[in-house]
1. Label residue 126 and residue 97 with points 7 Å out from Cα along Cα→Cβ: what is the distance between them in nm?
2. Over all alpha-carbon pairs of segment 153-215, lay out the pair-distance distribution in 10 Å bins, whole %, shortest bin first.
3. Do any trypsin sites (Lys or Arg not before Pro) in segment 54-106 lie in a loop, going by DSSP, with at most 14 other beta-carbon atoms within 10 Å of their beta carbon, and if so which?
4. To the nearest whole percent, what portion of all C-alpha pairs in the chain is separated by more than 29 angstrom?
5. Please list, ordered by chain and number, the residues whose modelled amide H lies under 5 Å from the amide H of residue 96; skip anything fewer than 5 residues away on the same chain.
6. List 247, 89 from most exposed to least, where exposure is judged by having the fewest other Cβ atoms within 10 Å.
7. To the nearest Å, what is the center-to-center distance of segment 71-111 and segment 228-257, using C-alpha atoms only?
8. Show the residues, 5+ positions off or on another chain, whose built amide H is closer than 5 Å to the amide H of residue 206.
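Derivation of every value follows stated rules applied to the coordinates shown; laboratory data play no part. Worth saying up front: this structure is predicted, and the values here are computed from it rather than measured. A quick note on method: Cβ atoms are made from the backbone with ideal geometry, for glycine too, and the neighbour counts reach across all protein chains shown.
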Amino acid sequence: MAAHVLAFLNFKGGVGKTTNTVNIAAILALHKQMAGRRVLVLDMDPQSNSTLWLINREGYAKAWESDRTIHRLFQTFEKGGTPDLAPLIQTAVLENLATGGRLDLVPGSFQMLELEERPALGHHIKQADSVLATALRKLRADYDCILIDCPPAWSLFTRNALRAADFILVPYTPDYLALEGIKWINQLLREYTRSAAPGRVAKLAGVIVNRYQPYQPVEAALLEMRDVLDTYSQLQNLDVQIFEPMIRNSTAVTDANNVQKALITERPHDPVTKDFIALTQNLLTFLDRFPKPDA
């Protein structure tokens, strides 16, 4: 059986996309209740924040100098070769020796910014959209979960994530502008699913609410979001979740971000860490409803 692949996507910045990706990945790999899961993080965002978080600037520099970033995957395709993810993987970035849990990383690269404009990719756009999905087929059996940190824009790399993933998770902060971002994702996803047919495109699984505070304006924003998600649930024939618990507003998240540490290692007993652990468990319960695909 193969890993479930999850894409973390939002076109609005500052909503917790990388925070969610890194912390959920770390909990899956390190927490004793997760049974030693093997996790791979793919950093598809040219900003490379997940990479900088997990292996710091020195590690990123080494990956870039040795040409072991996601950029190489698309560069190989551009040159007519067979893209391969295996040589790019940084193994055991985080690990739990007692359980065998492990987090591996394919680093991002700022060089991705220039790739989309290159003719060899632009002239073969349908094939270019499937580079990641094709390369992942060889790896899915090696992992329990694969998490993709997507760029905050509609791009070649976003489309690759949508073709490779099973489900999309949308990090969200309860405000009007973030809701508009979800509406945009819904619209683009519907259009892309039609244009990619009969190709496989990820379904929208749900929303992760970050920086939650139980105030009336926040509750009003959540009600409006629920209406938007209900409409999309009918269109895609899969209920879109608001995953519980909502992640409370906490300075512990900022503190962990500032030192580039996962909450499970930096603040293991903090209430917001417990939010993330419970959310990760509920996410796994959701995924258990769907058989893992064959590798």
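1. Simple spin-label model gives 5.2 nm for this pair.
2. Percent of Cα pairs in each bin: 19, 50, 23, 7, 1.
3. Numbers: sites: 57, 62, 68, 72, 79, 102; in loops: 68, 79.
Loop-located and lightly packed - 79.
4. Values: 12866 of 43365 pairs.
Summing the P(r) tail past 29 Å for the chain gives 30 percent.
5. For residue 96, the qualifying residues are 101, 102.
6. Ranked by crowding around the Cβ, least crowded first: 89, 247.
7. Taking the Cα centre of segment 228-257 as reference, the centre of segment 71-111 is 27 Å away.
8. 168, 170, 241
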